[in-house]
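Readers should treat all values here as calculations from the given coordinates under stated rules, not as data from a laboratory. Just so it is clear, the model here is predicted, and its values are computed rather than measured. Don't worry about glycine lacking a Cβ; one is built from the backbone with ideal geometry, like all the others, and counts go over all protein chains shown.
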């Protein structure tokens, strides 16, 4: 296990800053950054038009991603995954992936209020107009209804980042 890489992944509501934070964590940990958005846009450039499309295609790439990530971890490469870990089921996928190759993990929980997230989404619509179709308040509320904050019962190696940008290991 001493030669294994470490897996970093993220939890937070839409607009919490998971993609932005993933870039920082990757740089700080000399890690390969793997982005779900990049994989989906490369493999299914025009097929994702609805939230249901996203779920379908996201599910299709997971077996390929999992093996790829495990291969990297097995040779000692740190990996940051910019994939959602916003539900117990999603987080279990990451934890299982780590358990199968006996590597450490770290879940970063970006704990922002709805208002903070919506403010960041509004800024992102301006900065990335190609995302404007999905970066709406209606989509935020739809997606947020499924959000499940991490709990102690999940036994995660958690870094909790609050809305005031303070962090503490939990």
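Here are the numbers for this structure:
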{"quantity": "Count of residues meeting criterion [within 17 Å of residue 39 (Cα to Cα) and touching a strand residue (DSSP E or B) at 6+ places or on another chain (Cβ under 7 Å)] in the stretch 69-93", "calculated": "8"}
{"quantity": "Residue in the stretch 45-54 that is touching a residue at least 24 places away in the same chain (Cβ under 8 Å), more than 24 Å from residue 153 (Cα to Cα) and part of a helix (DSSP H, G or I) present", "calculated": "yes"}
{"quantity": "Check on residue 63, in a loop (DSSP other than H, G, I, E, B), more than 22 Å from residue 116 (Cβ to Cβ) and more than 13 Å from the chain's Cα centre (by Cα)", "calculated": "no"}
{"quantity": "Pick from the stretch 1-32, criterion crowded, with 19+ Cβ neighbours inside 10 Å and without any contact (Cβ under 8 Å) to a residue 60 or more places away in the chain, ranking: farthest from residue 86 (Cα to Cα)", "calculated": "31"}
{"quantity": "Pick from the stretch 136-150, criterion in a loop (DSSP other than H, G, I, E, B) and without any contact (Cβ under 8 Å) to a residue 60 or more places away in the chain, ranking: surrounded by the fewest Cβ atoms within 10 Å (Cβ to Cβ)", "calculated": "145"}
{"quantity": "Condition check for residue 71: over 12 Å from the mean Cα position of the chain (by Cα) and at positive phi", "calculated": "no"}
